[in-house]
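Inspection log for the structure reproduced underneath, given as structure tokens.
The values are calculated or read from the model by the stated rules, or taken from the named source; none is laboratory data. Note that the structure is predicted; figures quoted are calculated from it, not measured. With ideal geometry, Cβ positions are generated from the backbone for all residues, glycine too; neighbour counts draw on all protein chains shown. Areas reflect the complete protein model, heavy atoms only, side chains present, ligands, DNA and RNA absent. Shrake-Rupley method; radii C 1.70, N 1.55, O 1.52, S 1.80 Å.
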Amino acid sequence: MGVLIAVEGVDGAGKHTLVTGLVNRWATQGYRVATLTFPRYSESVTADIAAEALHGQHGDLRSSVHAMALLFALDRRDADAELRKLLSANDAVILDRYVASNAAYSAARLGQDADGEVVDWVSTLEFERFGLPVPDHHLLLDIPTDVAIGRARSRAENDASRARDHYERDHDLQERTGNVYRDLAERGWMSPWSSLGTEPDPDLADRLIAI
Ligand SMILES: Nc1ncnc2c1ncn2[C@@H]1O[C@H](COP(=O)(O)OP(=O)(O)OP(=O)(O)O)[C@@H](O)[C@H]1O
Ligand SMILES: Cc1cn([C@H]2C[C@H](O)[C@@H](COP(=O)(O)O)O2)c(=O)[nH]c1=O
């Protein structure tokens, strides 16, 4: 059974870049590594509905924090069989966002902290009701909000398919989400957490291997 690692952080923190670096590094070393990215746009009806809401449509839906969280959670429930298959066939599965994203963004949107009602609601729904696997480790990319927002903005300028959604444009939301993530990590919510990186670091994946 492979190790399950969830990479977390605000929009533009560098999760995808880190996941890609880790996969390449570990694959070169002979490990079998797989990844899954959430939400699974274009593979999941619920993720696509959430994306529509995030990019401007369905404002009424977006305004319901619990409805949005449920869409993301259903996407993961539908991916459960695939995730378990990947875990049994690989040494490691690296997740680019997972349940902690739902907990952190939902809490931030409601102005709650890691002790708030919605964190408990999300974890009960996803881990207890849906029975999703709990990560063995969380890696939190904890970088200053301004840096993350700047990265997401330049990415959108250079790649039209990565236009910023409503969450990415909301500086306060990103700031609050970063705080909830830190809070979750400090409280050891669900598993051990490692906090990584405050500066731009193209060699982060290499550094991580050395830790
Ligand atoms: N360590 C780094 N130093 C400098 N730039 C970086 C670093 N990591 C990522 N970037 C750049 O920042 C941008 C966002 O990175 P990436 O797409 O990996 O973030 P993300 O956390 O997956 O974002 P999102 O959650 O919004 O999908 C990209 O253009 C990427 O090239
Ligand atoms: C998986 C997941 C995501 N979110 C939020 C976080 C992001 O702002 C958007 C979309 O994610 P992307 O990485 O920009 O594609 O949705 C969430 O609130 N709950 C989740 O479970």
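Within the range 1-45, list the chymotrypsin sites (Phe, Trp or Tyr not before Pro) lying in a DSSP loop whose Cβ has at most 15 other Cβ atoms in a 10 Å radius.
Passing both the DSSP loop test and the Cβ count: Tyr31, Tyr41.
With both labels modelled 7 Å from their Cα along Cα-to-Cβ, the Asp159 to Ala89 distance reads 2.5 nm.
Enumerate the residues in the range 86-121 having an amide nitrogen under 18 Å from the point lying 7 Å beyond the Cα of Asp172 toward its Cβ. The answer is 105-113.
Obtain the radius of gyration and the Kirkwood radius of the range 114-172 from its C-alpha atoms and give Rg over Rh.
Numbers: Rg = 16.0 Å, Rh = 14.4 Å.
Radius of gyration relative to Kirkwood radius: 1.11.
With all protein chains in place and ligands, DNA and RNA left out, the 1.4 Å accessible area ranks His55, His171 as His55, His171, largest first.
Taking amide H as placed 1.01 Å from N in the peptide plane, Ser195 has its amide H under 5 Å from the amide H of Leu140, each at least 5 places away in sequence or on another chain.
For the range 1-89, trypsin sites (Lys or Arg not before Pro) meeting the loop criterion (DSSP other than H, G, I, E, B) and having at most 15 other Cβ atoms within 10 Å: Arg32. Legend: translational diffusion of the chain by Stokes-Einstein, Rh = Kirkwood radius over C-alpha pairs, 4 °C, 1.567 mPa s; D = 75 µm²/s.
How large is the charge dipole for the range 45-179, taken about the Cα centre, if only the Cβ atoms of Lys, Arg (+1) and Asp, Glu (-1) carry charge, to the nearest 20 debye? Please report the intermediate quantities before stating the final value.
Values: 15 positive and 25 negative charges, 57 e Å.
With only Lys, Arg, Asp and Glu charged at Cβ, the dipole is about 280 debye.
The helix-only estimate of mean residue ellipticity at 222 nm for the chain, built from DSSP H runs of length n ≥ 4 each weighted as -39500 (n - 2.57), is -16500 deg cm²/dmol after division by the residue total.
Over all directions, average the projected area of the Cα convex hull of the range 1-116 and note it in nm². All intermediate terms of the calculation are to be shown ahead of the outcome.
Working: hull surface 31.2 nm².
With every direction weighted equally, the projected area is 7.8 nm².
Dipole orientation for the chain: of the candidates Ser191, Thr46, Thr20, Thr20 has the Cα lying most toward the positive pole (charges on Cβ; Lys, Arg +1; Asp, Glu -1).
Considering only Gln112, Gln29, Gln174, the Gaussian network model of the chain with Cα springs below 10 Å gives its largest mean-square fluctuation to Gln29. Between Arg77 and Val134, the modelled labels are 2.0 nm apart [label points 7 Å from Cα along Cα→Cβ].
Over the chain, with every protein chain in place, what whole percent of the accessible area is carbon and sulfur at 1.4 Å, could you tell me? Can you show the working numbers first?
Values: 4950 of 10100 Å².
Carbon-and-sulfur percentage of accessible area, whole number: 49.
Counting Lys and Arg as +1 and Asp and Glu as -1 over every other residue whose Cβ lies under 14 Å from the Cβ of Arg77, the net charge comes to -3.
Averaging 1/r over every pair of different alpha carbons in the range 53-92 and inverting the result gives a Kirkwood radius of 11.9 Å. Taking all protein chains into account, the per residue accessible area for the chain stands at 48 Å² (1.4 Å probe). Looking at Phe72, Ala34, Val10, which one has the Cα that reaches farthest to the positive end of the dipole of the chain (charges on Cβ: Lys, Arg +1; Asp, Glu -1)? Of the candidates, Ala34 comes out farthest on the positive side.
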